[in-house]
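The values are calculated or read from the model by the stated rules, or taken from the named source; none is laboratory data. Source: prediction; values computed, not measured. Cβ placement follows ideal geometry from the backbone for every residue including glycine, while neighbour counts extend to all protein chains displayed. The accessibility values were calculated without ligands, DNA or RNA, using every heavy atom of the protein model including side chains. Shrake-Rupley method; radii C 1.70, N 1.55, O 1.52, S 1.80 Å.
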Amino acid sequence: MKKNSQRNHHSRELSSEDAEKEKKENQNNFVELLPPEVTFKIFSQLDIRSLCRASMTCRSWNQTIRHSDSLWKPHCLTVRAVCQREIDDDLESGYPWRVILLRNYQKSKVKHEWLSGRYSNICSPISLPEKIMYPMDADTWGEILEAELER
């Protein structure tokens with residue numbers, strides 16, 4: 001019985017230590033301390049890569065970034081310069097900005113390369129770098145073909 005009470009006392013000590021540790025972490029976490037508008041302003045200064053990395057820092061940053069749809073909108077509008085039809089379709093379908101960006105970011109990179117003529121002089125499919133290929137719909141390939149025919 002005495003061993004059991006010692007164990008309970010020890011677990012209470014760990015719990016208070018964990019609580020103290022969590023309290024210190026929260027004191028160092030500006031997301032917990034600052035007003036949401038200030039936190040948003042800080043996160044809105046980050047580029048896409050930095051925003052994604054910041055979301056992996058801790059649970060509270062992840063929740064803040066993941067659920068702040070307006071953080072993703074400017075990045076999505078940048079991608080829209082290349083993937084206007086795709087982004088507009090996703091907006092009509094009701095996807096949040098973060099999801100729209102996830103759905104179209106890589107596609108925009110590949111589509112931009114094709115539309116800018118980077119692969120115009122490719123002689124065979126073997127010459128295409130495999131890592132740049134991305135599944136695209138027929139309309140996107142149609143846009144690329146039109147651009148190639150205009151060159």
Inset, instruction - Kindly flag which residue pairs out of Lys73/Lys109; Lys41/Lys109; Lys41/Lys107 have an alpha-carbon separation exceeding 23 Å in this structure. - result: Lys41/Lys109; Lys41/Lys107
Legend entry - Listed residues Met56, Met136 arranged by accessible area, highest first, probe 1.4 Å: Met56, Met136
Inset, instruction - Tell me the trypsin sites (Lys or Arg not before Pro) within segment 98-149 that lie in a loop according to DSSP and have at most 15 other beta-carbon atoms within 10 Å. - result: Arg118
Legend entry - Order of exposure, largest accessible area first, which applies to Cys52, Cys83, Cys123 with probe 1.4 Å: Cys123, Cys52, Cys83
